1. Could you say which residue among Arg453, Arg449, Arg482, Arg432 is closer than 30 Å to Ala301 by Cβ and modelled with pLDDT of 85 or more?
2. Assess whether Glu290 counts as being crowded, with 16+ Cβ neighbours inside 10 Å, among the acidic types (Asp, Glu) and within 18 Å of Ser143 (Cα to Cα).
3. Go through the residues of the stretch 272-284 one by one and say whether even a single one is outside any strand (DSSP E or B), modelled with pLDDT of 90 or more, aromatic (Phe, Trp, Tyr) and not assigned by TED's automatic domain parsing to the domain that holds Cys91.
4. Go through Ala457, Ala486 for me and flag whichever is surrounded by fewer than 17 Cβ atoms within 10 Å (Cβ to Cβ) and over 21 Å from Leu392 (Cβ atoms).
5. Just to check your reading of the model, which residue among Ile12, Ile39 is under 35 Å from the mean Cα position of the chain (by Cα) and closer than 23 Å to Gln309 by Cβ?
6. When the residues of the stretch 141-164 are filtered to those that are in contact (Cβ under 8 Å) with a residue 40 or more places away in the chain and assigned to a loop (DSSP other than H, G, I, E, B), which remaining residue is nearest to Ile116 (Cα to Cα)?
7. For the stretch 422-446, which positions are in a loop (DSSP other than H, G, I, E, B) and of a type in the set (Phe, Trp, Tyr)?
8. Please name all residue pairs, on different chains or six or more residues apart, with Cβ atoms under 8 Å, provided the first residue is in the stretch 60-75 and is closer than 18 Å to Arg14 by Cα and crowded, with 17+ Cβ neighbours inside 10 Å and the second residue is of a type in the set (Asp, Glu) and at pLDDT 85 or above.
Amino acid sequence: MDGMMEERNERIRRLREKAMKLPLHPGVYLMRDKTGKIIYIGKAKALKNRVSQYFGSEKNHEEKVRKMVSHVADFEYILTDSEFEALILECSLIKQHTPKYNILLKDDKGYRYIKITNGPWPRISEAKQMSGYAQFVGPYMSSWAVKQAIDEALKIFRLPSCSRKFPQDIGKGRPCLNYFIKQCSAPCRGGISEEEYRETVAEALEFLQGGSTAMIQKLTEKMNAAAEQMEFEIAAKIRDRIAAIRKMSDRQKVVMSKIPEQDVIALAQGPSAACFEVFRFRDSRLCDRETFLMGDISGAAAARTEFLQQYYSIRDRVPPRILLDSEAADTEVLEEWLSQKAGRKVTVTVPQRGEQAQLVEMCRNNAAEQLAQSTGRTGRETSALDELSRLLGMEQPPHYIESYDISNLAGGENVAGMVVFENGRPLKSAYRKFKIKTVEGQDDYGSMREVIRRRLAEYEEQKDSGEGFGRLPDLILLDGGRGHVAAVRPLIEEAGLQIPVYGMVKDDKHRTRAIAEDGGEISINAARSAFTLISTIQDEVHRYAIGYHRQMRKKNTISSTLTSIPGVGTVRARNLLKHFKTVTAIRSADLEELENAPGMTKPAAKCVYEYFHGDEKNDGIG
């Protein structure tokens, strides 16, 4: 083991020496493993500064970077005349070598078709290829758009989406839920004739090819003709179909943009995975949507830049405007590269308010939901942590949060509680209680300093384990304001740690109002997901701390009852409670059991026994 550590340290030392000799010049660097394979490619404005960071202290590295560095055996570099040239070269080399530790996206944008099966009861579905005995409409570029359109057509024209086969399954079994919510005409129970079914499929196909406007016009004419011929039942069915098309069209109008052509890109991060969501708008409408799930990323800003490079490297068209959920690294260079690729100016922006900000928020929520489904978490938890990290200016979402609260009554029974939230959920096995030892009276700042000092000391003792106090939080939240933060932050800085510390401020009605930092407060009312999470944490740590405080008061009250017995002092009372657990058990004990209790003498045991059984003795004499 020592030999392996020595070998590793020697390797890192050698690589750092080599990195320190690099020029302060733009270029591209290529990291290789012991077999010579390229495992990471990056660009830098100043090669020496960027590459040497990899082989310095590991404390500031994300897990993904640490893992990559552990496999680096050597590196090489290529000088360029500018950072822009470095970006172009980096994109080209990544596409050529597909390194393991770069974000790599596959261009899976194959064509899609609308498939209509043959036979007396045709079915409409999506297909990747023109294969099989069927009719095909297309091709279309967006699989998402094809699937959306087919789903809408099936609902509007009440066509089956189940796996039943007709006419074999007609009359077999009960109809599914879609029939009862009026989204299927239930051929399975004979609810529609073969002729009417085929006519409906033809109308659905016409809708898919011609759109809603043309179909509404045609159906309106058909409805009026049926009404004139006094076929009111048919006219009512057509009326309902027109209403369904209009309802679907209204729903589509919600997802529109004032900008005719743009892409919206948002990132959601989990503890070991991330997700990029892309909404593509053409003619002011949402025309396509793509989801990219990937492993852990290192640095959100750098990951956004890397994603944009990879994404538009495999796309033929770059829109004139790209909206991001937060800042990317090297935006100016990125815009120059995108503009050159598009042959016109391309802007990359982070909207702060209005319609554009709402589109980004919708995209971010979808990214969080997709990530949640892949990791077993809820979209709400993912969104809350993402929103909180942006609110506090954190590079990564805080997946492990510790929160502290002090509880006392007029300075008496000073205690503190610590609760832990992991991935947005309470981790009760990590909760801890502190009895304040060095502070007397009502001094919340002094008490909080003692608690954090003790917590950091425990970390130094247990850090090799990586569990319990051996694990550092991503964020510390104190139940209090700027004074609490100012009292605690110097302790963390003195320990050489970089843990964000904030206070949770309540209003005069004891409701969470804001997050406190050294220089002021950050309002959280507008950030709904983060607000809910912070409120939950503050309520939980307050409940836990005050519960411990009440427990201590009750214990001390009981202890003072025992110390009123002759021959029983504080130590003896504590030993009795520890041995018997409760006063009721002490009362029920016989004289021999009391004499055998730790720290007891026969005279003291007799005093305790007579204290609880004196009335019984007197009753017996009488």
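1. Going through Arg453, Arg449, Arg482, Arg432 in turn, just one is closer than 30 Å to Ala301 by Cβ and modelled with pLDDT of 85 or more: Arg482.
2. Here the answer is yes, as Glu290 does meet what is asked.
3. Within the stretch 272-284, not a single residue is outside any strand (DSSP E or B), modelled with pLDDT of 90 or more, aromatic (Phe, Trp, Tyr) and not assigned by TED's automatic domain parsing to the domain that holds Cys91.
4. Ala457
5. Checking each option against the conditions leaves just Ile39.
6. By that ranking, first place goes to Leu159.
7. Selection gives Tyr431 alone.
8. Val72/Asp33
The values are calculated or read from the model by the stated rules, or taken from the named source; none is laboratory data. This is a predicted model, so every value here is computed, not measured. Every residue, glycine among them, receives a Cβ derived from its backbone with ideal geometry; neighbour counts consider all protein chains shown.
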